[in-house]
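The values are calculated or read from the model by the stated rules, or taken from the named source; none is laboratory data. Fair warning: this is a prediction, and the values are worked out from it, not measured in the lab. Positions of Cβ are backbone-derived with ideal geometry, glycine not excepted, and every protein chain shown enters the neighbour counts. Just so you know, the surface numbers come from the protein's heavy atoms only, side chains and all, with ligands and any DNA or RNA stripped out. Shrake-Rupley method; radii C 1.70, N 1.55, O 1.52, S 1.80 Å.
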Amino acid sequence: MNIKEYKGVFVFAQQVDNKLAGVSFELLGKGRDLAKDLGCDVTAVLLGSGVEPLCASLTEYGADRVILVDDPALATYMTEPYAHALSEVLKKYKPEIVLYGATAIGRDLAPRVSARVHTGLTADCTGLDIEPETQHLLMTRPAFGGNIMATIICAEFRPQMATVRPGVMQRREPDASAPLKVERFEVKDLASRANVDILDIVKKVSGKMDIQDAKILVSGGRGMGGPENFTILEALAKVLGGTISSSRAAVDAGWVEKDRQVGQTGKTVRPKLYIACGISGAIQHLAGMEESDLIVAINKDPGAPIFEVADFGLVGDLFKIVPLFTEAVKKAIAKKATA
Amino acid sequence: MKVIVCIKQVPNTNEVKLDQKTGTLIREGVPSIINPDDKAGLEAALKLKDQFGARVTVLSMGPPQADAALREALAMGVDEAVLISDRAFGGADTWATSSTLAAAIRKLEYDIIITGRQAIDGDTAQVGPQISEHLGIPNISYAEGIEVKDGHITVKRQYEDRYHMIRAKLPCLITALSELGEPRYMTPSGIFDAWQREIPVWTRSDLTIDDSSIGLNGSPTRVKRSFTKAVKGKGTVITLEPEESAGWLADRLSEKFII
């Protein structure tokens with residue numbers, strides 16, 4: 001393999017129901033940084049059916065070019081048609097780097113493609129940089145449940161591929177004046193590649209805001225004692241305009257839904273404000289929230305590890321402090337409204 | 001029906017602690033366990049055994065001590081176990097691990113291959129889909145329920161906000177989520193038998209595979225360095241009466257224009 005033939009940063013632009021996943025924009029933001037260091041372009045690869053209207057927003061968020069594979073066989077994600085189409089794109093264009101969201105799609109597609117095109121893949125990266133001397137991609141990820149970090153390189157194979165957890169990288173401000181450049185790419189007989197049948201698709205209905213989209217999260221853990229006590233967190237979240245999340249302990253106990261879980265086996269969040277109530281702060285939990293702009297911890301145990309990462313820590317009874325704090329916030333907001 | 005389950009022996013990362021002084025992992029005294037997702041996969045395979053009399057073979061690639069994980073699987077009720085172990089396989093990344101496991105699987109007959117979604121030490125979720133690619137069979141990841149009928153498997157495949165019911169013709173590989181089933185306990189007679197059994201060890205010479213696809217040399221990726229995360233500076237921690245605490249915090253957030 002002559003690795004010098006491989007040029008450019010590619011981002012797999014994930015869409016579901018013809019809506020782009022947020023992580024696609026985050027990857028474009030990071031892709032731009034990498035492309036700047038390498039002196040190359042950023043390309044979004046968009047697979048789907050009837051998805052051409054999505055090309056404009058990919059361009060606004062940083063794609064110099066969009067490679068579009070638009071085919072009815074790609075309407076709903078299935079491993080094989082997607083893996084085949086993407087592998088064909090990679091074989092033709094020979095990118096240096098390919099980034100995927102570490103989603104339920106990306107973590108299925110990327111390994112299949114890496115085995116097919118015979119290259120390395122690094123999972124769940126939280127840091128991506130270019131090594132100045134070698135121009136290799138430095139892929140940093142947590143291991144051992146977030147206890148240690150490892151920097152991985154893929155020196156002799158191309159493309160260098162990585163999945164990145166949603167919520168870790170930052171999207172850039174959209175640029176509406178960026179010129180749209182779309183290249184259509186045809187893959188023959190894609191429909192015949194399907195080797196499974198989708199019998200049914202069942203969407204979960206959640207009335208709540210996605211915790212990765214929330215600017216403010218009020219999070220509860222084992223110290224909440226039971227599901228009924230989350231109402232005081234709901235009340236605080238409502239006043240602050242946020243939503244509730246939780247630690248793994250509260251999910252495992254069945255107090256809250258799995259989609260609320262923050263941490264290594266849940267979601268990574270970086271809200272403006274994260275309020276941890278009755279969460280001790282196991283390393284697996286910290287891995288999912290420590291990039292929050294401001295962290296508040298309320299816990300009765302002064303030795304809880306959560307206080308190590310908190311900007312503001314309150315030692316005491318959360319059942320007393322949280323309702324009083326909710327009232328104080330209401331007052332402060334009312335005061336500002338009249339000022 | 002023949003089912004192969006791939007399992008990994010992992011340190012129980014929930015019990016791994018950091019040495020605050022040196023910043024290194026304290027692995028001493030940390031018990032080794034069967035990776036939890038893999039154990040759910042074992043349970044799914046054993047249900048197929050209960051239901052259809054499926055023959056279940058468990059494979060593990062690892063150092064000689066992974067033998068203990070295989071014996072635990074035998075004691076749970078699997079029929080056969082094979083340890084894939086050789087220094088030549090050491091240092092493998094997911095690409096080389098999956099190609100080695102695929103080479104071992106090619107020596108066996110199978111209708112269904114089950115791996116855990118991901119291992120708690122590496123959390124990559126890559127080895128399952130990569131094995132299926134090396135074998136050229138379909139894979140269905142993130143399985144939270146399965147049903148086998150008429151030479152087909154139907155899988156409840158989890159996504160973030162939905163699930164798909166997916167049907168595939170066998171052979172097929174699935175990656176198991178813990179939702180697939182609470183692993184059964186080992187039985188006393190199973191434990192007794194498991195420790196009497198001879199577990200075959202397949203080494204480099206038992207597999208038909210190129211040297212360029214195994215071990216460190218067959219691994220496209222390398223660990224360049226590993227380190228512990230820099231600890232961020234500690235903030236302000238207060239212990240006051242609840243009313244004062246609440247007021248103090250509201251003032252801080254007000255200063256930061258959050259409220």
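The simple Förster model, with R0 at 35 Å and r as the Cβ-Cβ distance, assigns B:Thr239 and A:Gln170 a FRET efficiency of 0.50.
With the simple spin-label model, which puts each label point 7 Å out from Cα in the Cβ direction, the B:Phe227 to B:Asp210 separation comes to 3.6 nm. Counting Cβ atoms of other protein chains within 10 Å of each residue's Cβ and taking the mean over peptide A:192-199 gives 5.
Averaging the Cα positions of each part gives two centres, and for the stretch B:116-192 and the stretch A:241-298 these lie 28 Å apart.
Annotation: for a label point projected 7 angstrom from Cα along Cα→Cβ of B:Trp195, no residues of the stretch B:77-116 have a backbone N closer than 15 Å.
Computed 3J(HN,Hα) for the stretch B:133-141, one whole-Hz value per residue from the Karplus formula 6.51 cos²θ - 1.76 cosθ + 1.60 where θ = phi - 60°, is 5, 4, 8, x, 10, x, 10, 10, 8, glycine and proline marked x.
Annotation: amide H-H contacts under 5 Å for B:Thr124 (H modelled 1.01 Å from N, sequence separation of 5 or more, or interchain): B:Ala119. Legend: mean number of C-beta atoms from other chains within 10 angstrom of residue C-beta atoms, peptide A:324-332, equals 6.
A 1.4 Å probe, protein heavy atoms only, puts the accessible area of B:Phe192 near 130 Å². Among A:Val196, A:Val69, A:Val42, the residue with the largest mean-square fluctuation in a Gaussian network model of chain A, with springs joining Cα atoms closer than 10 Å, is A:Val196.
For the protein assembly as shown, just say rounded, prolate or oblate: build the C-alpha gyration tensor, square-root its eigenvalues into a ≥ b ≥ c, call rounded for a/c under 1.5, and beyond that prolate if a/b exceeds b/c, oblate if not. Cα axes put the protein assembly as shown in the oblate bin. Pairing chains A and B buries close to 6800 square angstrom of accessible surface in total, based on protein heavy atoms and a 1.4 angstrom probe. What shape does the stretch A:171-260 take by its C-alpha gyration tensor, where a ≥ b ≥ c are the square roots of the eigenvalues and a/c under 1.5 counts as rounded, a/b above b/c as prolate, and the rest as oblate? It comes out oblate by the Cα gyration axes. The charge dipole of the stretch B:111-207, taken about its Cα centre with unit charges on the Cβ of Lys, Arg, Asp and Glu (plus for the first two, minus for the last two), comes to roughly 240 debye. Each Lys and Arg contributes +1 and each Asp and Glu -1, all at the Cβ; summed about the Cα centre of the stretch A:228-295, the dipole is approximately 100 debye. Ordering B:Ile214, B:Ile238, B:Thr115 by Cα displacement along the dipole of chain B toward the positive end leaves B:Ile214 in first place; charges were set at the Cβ atoms of Lys, Arg (+1) and Asp, Glu (-1). Ordering of B:206-219, B:45-58, A:119-132 by packing is A:119-132, B:45-58, B:206-219, highest average first (other Cβ atoms within 10 Å, averaged per residue). Close amide H pairs (under 5 Å, H built 1.01 Å from N) link A:Ala310 with B:Gly235, residues at least 5 positions away or on another chain. Considering only B:Gly116, B:Gly181, B:Gly41, the Gaussian network model of chain B with Cα springs below 10 Å gives its largest mean-square fluctuation to B:Gly181.
Between B:Lys156, B:Lys234, B:Lys169, the Gaussian network model of chain B with springs among Cα atoms under 10 angstrom shows the greatest mean-square fluctuation at B:Lys234. Between A:Glu183 and A:Val205, the modelled labels are 4.5 nm apart [label points 7 Å from Cα along Cα→Cβ]. Magnitude of the charge dipole for the protein assembly as shown, about its Cα centre and with charges confined to Cβ atoms of Lys, Arg (+1) and Asp, Glu (-1), is about 520 debye. Can you give the mean number of other chain Cβ atoms that lie within 10 Å of the Cβ atoms in peptide B:110-120? Counting Cβ atoms of other protein chains within 10 Å of each residue's Cβ and averaging gives 1.
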